[in-house]
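The values are calculated or read from the model by the stated rules, or taken from the named source; none is laboratory data. Source: prediction; values computed, not measured. Counting neighbours? That spans all protein chains shown, and the Cβs are built from the backbone with ideal geometry, glycine included.
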Amino acid sequence: MKYVFGPLSSKRLGQSLGVDLLPPKSCTWNCVYCQLGKTKKFATDMQEFFPREGILAEIREALAINKGIDWITFVGSGETMLYKGIGWLIAEVKKLTSIPVAVITNGSLLYLPEVREELLQADAVLPSLNAGSEALHTQIDRPAQGLTFSQHIEGLVAFRREYKGRLWIEVMLLGGINDSDEALRDLAAVLKEINPDMVHLVLPTRPAPEQEVHLPSEERIERAIAILSEVTTVVHPLKGNMDLRSASDLLKAVTAIVSRHPVQQRELQKAVAECFPGESNKVDAFMQQMLATGCFKLVDHEGEPYWVTVQGEPTIPEQGRLSSEPPLQER
Ligand code: SF4
């Protein structure tokens with residue numbers, strides 16, 4: 001499938017079927033921690049990058065194949081709200097199923113009333129807020145020219161006023177950047193103004209190809225939870241688990257996920273093992289098959305091996321049969 005991937009299992013959204021609405025990488029920001037690499041050209045205008053009917057057809061097909069989905073999650077290889085027609089898609093999905101719809105966005109365009117309007121039918125919206133000051137916003141999120149910190153906050157405050165669904169703000173906690181007491185207190189002050197239902201703390205656990213970013217220490221994570229909990233409910237940062245058991249073509253399913261973000265080797269190994277219970281030889285063969293495609297490689301991030309695509313946009317293998325070619329030994 002071109003737009004739909006997963007379902008993936010996560011603490012926040014349970015079994016979540018992902019829908020990617022954008023060509024990589026279309027974004028209003030250029031975050032230091034971005035797993036998609038540098039934003040080469042900023043985008044700030046909404047566009048219908050792909051025909052909405054084609055996306056809806058894939059969602060319909062995925063719903064017929066996959067059972068037990070908890071959320072349908074719109075997300076993008078960039079900023080999701082750049083897709084013109086997301087409101088229409090949410091409305092159409094709601095005609096198809098009672099499964100709730102979530103939208104992951106950086107929130108940078110919420111200052112525009114027409115963008116907020118598109119999201120009103122979503123059951124949960126998860127915008128980013130990584131800084132409580134203009135200086136840190138510029139340092140971390142590096143927005144396109146013309147997008148300011150005050151606009152970002154105004155957009156979130158206005159959206160909270162108008163939106164009746166669940167507003168779960170994501171805060172990426174970066175070691176040595178926004179994890180000081182001062183930065184956390186600034187963040188808490190802004191969160192108090194926005195009044196979200198909840199804050200999800202997330203960590204840079206996956207390698208960012210462009211920048212050196214570091215995990216915060218456990219002491220700083222606990223401190224962040226303590227400070228932010230004074231103004232809102234905070235969810236501890238927990239890693240999600242991948243579930244590939246319903247994939248009809250394992251290699252294509254894994255390609256769709258790794259092309260969107262790096263995947264920890266341990267996490268992938270566990271998910272593949274669940275597809276072949278008691279057949280560890282098949283798990284090893286699958287890993288070899290991934291390397292043999294030439295589309296993937298293993299890289300180290302803070303001592304952990306991760307699967308990434310070899311370059312930018314991966315070539316999705318035509319079929320998921322086992323290859324007899326020797327594996328590439330890249331690491
Ligand atoms: S908002 Fe998301 S896609 Fe855009 S640069 Fe930041 S992390 Fe990357």
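If you filter segment 229-260 down to residues that are surrounded by fewer than 17 Cβ atoms within 10 Å (Cβ to Cβ) and under 13 Å from the mean Cα position of the chain (by Cα), you find that the one that is modelled with the highest pLDDT is Gly240. With respect to the conditions (1) within 15 Å of the ligand (Cβ to nearest atom); (2) at pLDDT 95 or above; (3) not aliphatic (A, V, I, L, M), Gly54 falls short on a single one, namely (1).
Annotation: Ser98 fulfils all but one of (1) surrounded by 22 or more Cβ atoms within 10 Å (Cβ to Cβ); (2) without any contact (Cβ under 8 Å) to a residue 40 or more places away in the chain; (3) not basic (Lys, Arg); the unmet one is (1).
All conditions but one from (1) at pLDDT 90 or above; (2) touching a strand residue (DSSP E or B) at 6+ places or on another chain (Cβ under 8 Å) apply to Thr205; the one that does not is (1). The set of residues in segment 68-88 being surrounded by fewer than 24 Cβ atoms within 10 Å (Cβ to Cβ) and among the acidic types (Asp, Glu) consists of Asp70 alone.
Residues of segment 80-95 that are more than 16 Å from the ligand (Cβ to nearest atom), out of contact with any helix residue (DSSP H, G or I) (no Cβ under 7 Å at 6 or more places or on another chain) and either part of a helix (DSSP H, G or I) or polar (S, T, N, Q) (or both): Ile90, Ala91, Lys94, Lys95.
Touching a Leu at 6+ places or on another chain (Cβ under 8 Å), among the hydrophobic types (A, V, I, L, M, F, W, C) and over 28 Å from Pro23 (Cβ atoms) - does that describe any residue in segment 239-247? The answer is no; no qualifying residue exists. Given Ser98, Ser77, Ser10, Ser16, which one is within 19 Å of the chain's Cα centre (by Cα) and either farther than 30 Å from Glu212 by Cβ or within 11 Å of the ligand (Cβ to nearest atom) (or both)? The conditions single out Ser77.
Flag not set for Ile65, criterion: of a type in the set (Val, Ile, Thr), under 20 Å from Ile257 (Cα atoms) and crowded, with 17+ Cβ neighbours inside 10 Å. Elements of the type strands (runs of 3 or more DSSP E) sitting completely within segment 105-206 and holding at least 2 residues that are surrounded by 15 or more Cβ atoms within 10 Å (Cβ to Cβ) and away from the ligand (no atom under 16 Å from the Cβ): these cover 166-172, 198-202. Is it the case that Gly14 is on the phi > 0 side of the Ramachandran plot, surrounded by fewer than 17 Cβ atoms within 10 Å (Cβ to Cβ) and either acidic (Asp, Glu) or at pLDDT below 95 (or both)? Yes; evaluated as a whole, the condition is true for this residue. Output yes when any residue across segment 261-272 is loosely packed, with under 14 Cβ neighbours inside 10 Å, assigned to a helix (DSSP H, G or I) and without any contact (Cβ under 8 Å) to a residue 24 or more places away in the chain, and no when none is. Looking through segment 261-272, none of the residues is loosely packed, with under 14 Cβ neighbours inside 10 Å, assigned to a helix (DSSP H, G or I) and without any contact (Cβ under 8 Å) to a residue 24 or more places away in the chain.
The set of residues from segment 284-331 being of a type in the set (Lys, Arg) and either modelled with pLDDT of 75 or more or within 17 Å of Leu244 (Cβ to Cβ) (or both) comprises Lys297, Arg321. Pairing residues of segment 74-89 that are within 9 Å of Ser26 (Cβ to Cβ) with residues that are of a type in the set (D, E, K, R) and crowded, with 24+ Cβ neighbours inside 10 Å, at Cβ distances under 8 Å and at least 6 apart in sequence or on separate chains, gives Gly76/Asp20; Ser77/Asp20.
Each row is one residue, and each column tells you yes or no for (1) over 20 Å from Glu267 (Cβ atoms); (2) within 15 Å of the ligand (Cβ to nearest atom).
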residue	(1), (2)
Lys2	yes, no
Phe5	no, no
Gly37	yes, yes
Phe42	yes, yes
Gly68	no, no
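For segment 23-31, indicate whether the set of residues that are part of a strand (DSSP E or B), within 16 Å of the ligand (Cβ to nearest atom), surrounded by 21 or more Cβ atoms within 10 Å (Cβ to Cβ) and of a type in the set (Gly, Ala, Ser) is non-empty. Yes, the conditions are met somewhere in segment 23-31.
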